[in-house]
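Each remark here refers to the structure printed beneath this line.
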Amino acid sequence: MNPVNYLYLAALLFTIGATGVLIRRNAIVVFMCIELMLNACNLALVAFSRMHGNLDGQIIAFFTMVVAAAEVVVGLAIIVSLFRSRHSASVDDASLMKL
Amino acid sequence: MSFPLLTATAVLPAIGAIATAAVPAARRNAAKSLALLFSLATLVLAIVVLVRFDPDGARYQLTESHSWIADFGVRYELGVDGIAVALIALTALLIPFIILAGWHDADPLETGSKRWRPTQGFFALILAVEAMVILSFEATDVFLFYIFFEAMLIPMYFLIGGFGDRAHEHGEETASTQRSYAAVKFLLYNLVGGLIMLAAVIGLYVVAGNFSLTEIAEARANGSLDMATNTERWLFLGFFFAFAVKAPLWPLHTWLPNAMGEATAPVAVLITAVVDKVGTFAMLRFCLQLFPEASKWATPAILVLALISIIYGALLAVGQRDIKRLVAYASISHFGFIIMGIFAMTSQGQSGATLYMVNHGISTAALMLVAGFLISRRGSRLIADYGGVQKVAPVLAGTFLIGGLATLSLPGLAPFVSEFLVLVGTFARYPAIGIIATFGIVLAALYTLVLYQRTMTGPVKPEVSAMPDLRARELVVVAPLIVLLIFLGVYPKPVTDIVDPAVKQTLSDVQKKDPQPEVEAAK
Amino acid sequence: MENLIALLIAAPLLGAAVLLVGGRRLDAVGHWIGTVLAAVSFVLGLVLFADLLGKDAEDRTLTQHLFSWIPVEGFHADVAFQLDQLSMTFVLLITGVGSLIHLYSVGYMEHDERRRRFFGYLNLFLAAMLLLVLADNYLLLYVGWEGVGLASYLLIGFWQHKPSAATAAKKAFLVNRVGDMGLSIAIMLMFTTFGTFAFGPLLGTHEQAGLAGDATEGQLTAIGLMLLLAACGKSAQVPLQSWLGDAMEGPTPVSALIHAATMVTAGVYLIVRSGAIFDAAPDAQLVVTIVGAVTLLFGAIVGCAKDDIKKALAGSTMSQIGYMVLAAGLGPIGYAFAIMHLVTHGFFKAGLFLGAGSVMHGMNDEVDMRKYGGLRKYMPITFITFGLGYLAIIGFPGLSGFFSKDKIIEAAFAKGGTEGWILGGCALLGAAITAYYMTRVMLMTFFGEERWRNQPTRSPEAPSAEPAAEHHGEAASDHVATATGEPHPHESPKVMTIPMIVLAIGSVFAGGFFSIGERFVHWLEPVTGYEHGHPPVSALTVTLSTVAVMVIGVGIAYAQYGRRPVPVVVPRGSLLTRAARRDLLQDDFNHVVLVRGGEHLTRSLVYVDHTLVDGVVNGTAASVGGLSGRMRKLQNGFARSYAVSMFGGAAVLIAATLLMRAV
Amino acid sequence: MSAQLAAYSTSQLAAYSTSTGEAFQFWVLGTVAVIGALCTVFMKRAVHSALCLAGTMIILAVFYLANGAYFLGIVQIVVYTGAIMMLFLFVVMLVGVTAADSLKETIKGQRWLALVCGLGFGILLVAGIGNASLTEFSGLAEANAGGNVEGLAALIFTKYVFAFEITGALLITAAVGAMVLTHRERTERARTQRELAEQRVREGTNVPPLPAPGVYARHNAVDIAGLLPDGTPSELTVSKTLRERGQIRDVSTEALNDLKALEQRAEERLERTAIEPPTFKRTEEASK
């Protein structure tokens, strides 16, 4: 088997995650989908690092995880406070961008 | 690396703007004094520049050059020739008067008015405009110039849209709507011009490979960089359009009357005496130097447009019922003269045009500021609302008259010298255009004297019967301008000495020679 | 000695500055400051005059170079002065008559609260006029030229609270501007043709001829005509004469100084000064003579019909200047006499105006001669001085006007050919009409029954409320109330009569003094050149016929106004009379063609500017607005739909990169 | 475990194509991962989504290991699956289940657009990977020679040290930010019972206290709606959370049927002719 398949898998997961972001309204689920996309990226990075035979790819993936952690913390905090103020976690309710 | 004088001259007002804006709202008077202080300091620096500048020295002096965006060859290049020095001095000179004249224009309105007027914002914006204008006079890198040329629109927009005359005949609501209309119009016109110029700037980069005015002009001169005729023409038009909007040249002028009519008098002065000068200055510096051939190609058309501006603006000024709009149309007429002088391609014409920029700045400032004082007293811009002011406020009337006489370029006052030079310069090469343009001076007398007669003479209108005469602050603003008008009218040599060499070089760029007098030639 | 020239101008200029900037604290002494400074520059003039007389005729030219005014590549104008015999003559006339009229005004403007300002303006005028005649190049002359225009604007409109005065002032300035256009174009032509516009190189001195000779006749003709246009504006010659009549709105001393003695003669100075150019351009000269002839008749006819004493005198001024222009157009045979008539006219016309002023002074500022009559016994001095001026202007043998005018008529005939006959004929006819209307004025004012008895002068609707401010410094309206009621004619105070006496003396003897041994001609000859004209008929015949027509004119006038009583109500009069009352309809023409037309033009242009020029842009703006309004529907505010577009965008980007790599 | 994995893969990883073992593992786990991802997207309840996601992540961890990223694999399991997903679950618990969970689309055309974009995007990605020339795999043998963790450490603390420090700063900031965001300052005084009562009266909605559950129902469980006099259950009687989760047990029908049965028995005992009582159906109202 050609390790390139890992990349295909990553692409697939990424797409699924993206679609989920677009479809779901529950902020938490949207968030999970984003995590899914990040993970797909990580997989790709790991595969690349194997491909090039150095560890830089893994380093990047590592950083991605850290950043993802930070992002999750803040994001979830935002969701919670949002829920507090509007009693709902639907992303559509926060439609203040409308002109 | 000597002290970066030019940068300092431009940065000082910028700092001033920030400092002024930072003053807490409670201490608004402190903000005013601070702004005034900074503008005066800038004036000092400008004078230093004036002194350090050697008219017979290199073309661009006090130059500074640092790499900025290396990938695109954009450099932070500053340098001044005689023309730029004169205009920088003018700008730095006018700003303090503008600030002083607008001392109370941005005070919070009396209760009952919904509009919020951030006092320190007003002065900060004025200083910001000053900084950008000075930088665009100094920039010798086309891209750098473009940036400031565009950036100065933003503070101007807020100055026009945010601060109108205190009282207004139609009440606050309509006033603010008209104001915002004027401001948006100003912005749109200039932005469109700017966008087209941006395209031309990029095109220039594609053709020339860098943005440095000096290098490109150099290359143009020694023929190492030759553009295809059409390319050059298109690029020229791209640049010229933007400058013509800013100048403004007929038929792109219609934003000016609205803007000057709605803005407060000091801001109006800022527009016509300072900001618009960038347009004419840029024609002289960029259009002629970068595209000499295309300039010569376009000269006839431009001269005709300028001629139309002169006559048309004057005629419309006669037809106005609003004092400020009248001055605006008069300015359009004068800008016609300036552009005509630039493109007459004679040393008299171009020296005259440059001198004209300076004189027009001073004279319009004098007239418009006095008009502003008048309007602030009566709270109306309509000529019909005045009459007999001369009897109740003789000093105001007197200064107004002198400003008017300067506008109609009475000999002995500064504008006469420049206007006559422009006319002679044009006449020497294009007699017909010169003669038609001469009609402008009759029309100028007409609108000025009609304005003076309707507002100042005749029986005293009851509304103005209690009008106070000029106050000390206002006299401090007007008197120096008038003194300057008279001085430059009697002894313009200081300015011409600075300007002349630069003009000579510009002409040599265009490879034009002054026409020689026939009789001399015969001998 | 040369350095005095600048002082000559500086003195009154200083006065103007001090008086206008000084403010109210100078009100008490302002008028004396003005008068003294005028006198100072007169004295300086005398000193310089003496100095010139000391030299021999050839090098009676002083020059002073102050500083370089406009130094631009290829264009140099200096502030430099040139004092030769011609200038000297004017200097003496201006400062002399000027000082006298300053003195007169002290009394005349006594009750005007703005007297200080008045004297400031007068001094300003003196300075500008001196600059005009002393400049050594046309551009500097132009400065003085417009300077006197400004001064006359300020002085005509001195009582600004009167709309009529303000309008008259504006009109005067505008009409003059048209003339100035001519002058500036002339200067431009000189610059392009010769590369200079300084008198010395251009007109030449007696050592070496000027460039003027080298130009083609066409160029010179063009320059000459432009100069003539300028002269017409300043000297109120047809077709630019319309402002002079209205200019009488100004205080009478102003009319005497500016609109009779000095400023209006600037045109003559210009033409005589530019003699070198005109001599080489006969066509231009011909036009000059024609303008002069037409104007002298025009002014005379207008003068006959006016009942307003000042307007009648204004008409006469026009006509007399017509004589001068005519003479100036005749070339070397006429220049000297033009200037001579100019000087004598300066004396007697100023005297007449001052007399008129004194009459009005005594008659509650009545200007309508139909309400005068029999004033000779109430104001004898005025009567005598006015009478002498009258005799001088009609050319009574032995008085000033006789010599100067007679010479001009002679020269006109001497031009030769049919032109000579025509011009001479016009000049003679003019002399007759002059005699007629001046006699009319004289009779209506000082003789006949006292028509001002038991009837209010100044009917309230009288247009010119002039001396309201003069005596009360208030608006005209309340003056009319006080003015109604029977006037009590009385002689004016000394300060007013003395100048009148001096001028009367001048108008009696000046002509004779000048003509003895052709003194004046020889004095001017180095500058203007002179050749003796030979009329087809003998000079004696011309003189006799002049006297004859003069007598005829007086006779007719006496028959009309001396024998039968003058009706107080204005008779309808013949068609010509009515036309003449309206300045031969010239104003109506201007009004219909220029004013109305201009108004329509501007109004339509304003409309065009607002709808067309502006409308196009606003239209595009509106359409853009509509489009964006539709596009904004895409912005539904849902984060997810934005995300979709972003995602789609990302897809497109990938596609693009792939394509780029594919090709 | 990691030791033998290392032994196993160092022999293999250099190879251009992988061992059949890894291939088998890939195909099986890959399928599961995709299914998990899909479930994450399409599960109705957030809790289920979270669990599916956790599963997917674990599988990914295995893949990391298989690709020689041992350290990452562990971190993936510990940090992601262990910490982050738990955090998710906490929040889900905190927020509770809301109407947002329903998969019904509210924005017109959104779903189709999303699917089209997704498909297009995926296809493009795949195409991109496809025509990129990725044939040569050098493998991690020598990179991991000194041990994967040591290698990473060497890189992190030399080449990437600044980025590392910055991420540290980032984490701290994030922690603080989270605290700031979730910390609620009580701006206004809590309203007393009296004020609440007054507000109720003013608004005129359920002036008396809310009805208790189980009334008329011979039940006293909190998840059973009380019946109104006409026998229909009243949602008001059940607590909001249960209502939102849709966990209301509806007993109206059997309650009424019990009554009916009771009456019938009474009839039989009293030998009366049976009047047919109407049989009750679940009203739509009760169903939800």
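What whole-number volume per residue, in cubic angstrom, does the convex hull of the C-alpha atoms of chain A give? Spelled out: Cα convex hull of chain A, divided by residues, is 102 Å³.
Shielding of peptide C:609-615 by partners, expressed as the average count of other chain Cβ atoms within 10 Å per residue Cβ, is 4.
Add +1 for every Lys or Arg and -1 for every Asp or Glu among the other residues with Cβ under 13 Å from the Cβ of C:D583, and state the total. Result for the local shell: +2. Footprinting exposure proxy ranking of B:E64, D:E263, D:E203, B:E232, fewest other C-beta atoms within 10 angstrom first, gives D:E203, D:E263, B:E64, B:E232. Listed by Cβ neighbour count within 10 Å, with the fewest neighbours leading, C:M181, C:M190 appear as C:M181, C:M190. Relative to one another, the C-alpha centroids of region C:407-432 and region B:228-292 are positioned 60 Å apart. Cβ-to-Cβ counts within 10 Å put C:H102, D:H48, C:H600 in ascending order as C:H600, D:H48, C:H102, the fewest first. Every pair of different Cα atoms in region C:132-183 enters the Kirkwood calculation, which places the hydrodynamic radius at 11.5 Å. Each peptide among B:198-210, C:158-170, C:116-128 gets the average number of other Cβ atoms lying within 10 Å of its residues, and from highest to lowest they stand as C:116-128, C:158-170, B:198-210. Put the Cα centre of region B:365-438 next to the Cα centre of region C:1-76 and the gap is 28 Å. When the Cα positions of A:M65, A:A77, A:G53 are compared along the charge dipole of region A:1-86, A:A77 comes out farthest toward the positive end, with charges on each C-beta of Lys, Arg, Asp and Glu.
Using C-alpha pairs below 8 Å separated by at least 6 residues, the relative contact order for region A:1-86 is 27 percent. Here the Karplus relation 6.51 cos²θ - 1.76 cosθ + 1.60, evaluated at θ = phi - 60°, turns the backbone of region B:407-423 into coupling constants of 4, 8, 6, 6, x, x, 9, 3, x, 4, 3, 5, 4, 5, 4, 4, 4 Hz, with x for every Gly and Pro.
For the protein assembly as shown, the residue among C:L53, A:L13, C:A411 whose Cα projects farthest onto the positive side of the dipole built from Cβ charges is A:L13. Given an 8 Å cut-off on Cα distances and at least 6 residues of separation, report the relative contact order of chain C as a percent. Answer for chain C is 13 percent. Around the Cα centre of the protein assembly as shown, unit charges on the Cβ atoms of Lys, Arg, Asp and Glu (plus for the first two, minus for the last two) sum to a dipole of about 3720 debye.
Ordering of C:7-20, A:78-91 by packing is C:7-20, A:78-91, highest average first (other Cβ atoms within 10 Å, averaged per residue). For B:Q61, neighbours were defined as the other residues whose beta-carbon sits under 14 Å from its Cβ, and their charges (Lys and Arg +1, Asp and Glu -1) total -4.
Among the listed pairs B:K513/C:K234; C:K234/C:K407; B:K512/C:K171; B:K246/B:K513, those with a Cα-Cα distance over 31 Å are B:K513/C:K234; B:K512/C:K171. Per residue of peptide D:138-150, the mean number of Cβ atoms on other chains within 10 Å of the residue Cβ is 3. Just so you know, the averaged projected area of the alpha carbon convex hull for region B:339-462 sits at 7.6 nm². Here region B:386-523 is assigned +1 on the Cβ of each Lys and Arg and -1 on the Cβ of each Asp and Glu. Its dipole about the Cα centre then comes out at about 200 debye. Evaluated at q = 0.06, 0.07 Å⁻¹, the base-10 log of the normalised Debye intensity for the protein assembly as shown, with identical point scatterers placed on the Cα atoms, takes the values -0.74, -0.89. For the residues of C:209-221, the average number of beta carbons from a partner chain within 10 Å of their own beta carbon is 2. Using Cα centres only, tell me the gap between region C:482-538 and region C:540-561 in whole Å. If we compute the Cα centre of each part, the gap is 20 Å. Summing Cβ point charges (Lys, Arg +1; Asp, Glu -1) relative to the Cα centre of region B:1-103 gives a dipole of roughly 560 debye. With respect to chain C, whose longest principal axis is taken over its alpha-carbon atoms, helix C:30-54 is tilted by about 70°. Remark: C-alpha extents of chain B on the principal axes read 70, 57, 39 Å, sorted largest to smallest.
Please work out whether region B:265-331 counts as rounded, prolate or oblate from its C-alpha gyration tensor, where a ≥ b ≥ c are the square roots of the eigenvalues and a/c under 1.5 means rounded, while otherwise a/b larger than b/c means prolate and anything else oblate? Oblate, since a/c reaches 1.5 and b/c is not below a/b.
Shape class for region C:497-545: oblate, because the ratio a/c of the largest to smallest gyration tensor axis (alpha-carbon atoms, square roots of eigenvalues) is 1.5 or more and b/c is at least a/b. In chain C, taking the dipole from charged Cβ atoms about the Cα centre, the farthest positive-side position among C:L220, C:G373, C:A231 is held by C:G373. Taking a sphere under 11 Å around the Cβ of C:V264 and counting the other residues whose Cβ falls inside, with K and R at +1 and D and E at -1, yields a net charge of +2.
Put simply, when C:323-334, C:233-244, B:394-405 are sorted by average Cβ atoms within 10 angstrom per residue, most first, you get C:323-334, C:233-244, B:394-405.
Any read-out appearing in this document is the output of simple, stated calculations on the displayed coordinates, not a laboratory observation. Quick caveat: nothing in here was measured; it's all calculated off a predicted structure. Cβ: placed from backbone, ideal geometry, glycine included. Neighbour counts: every protein chain shown.
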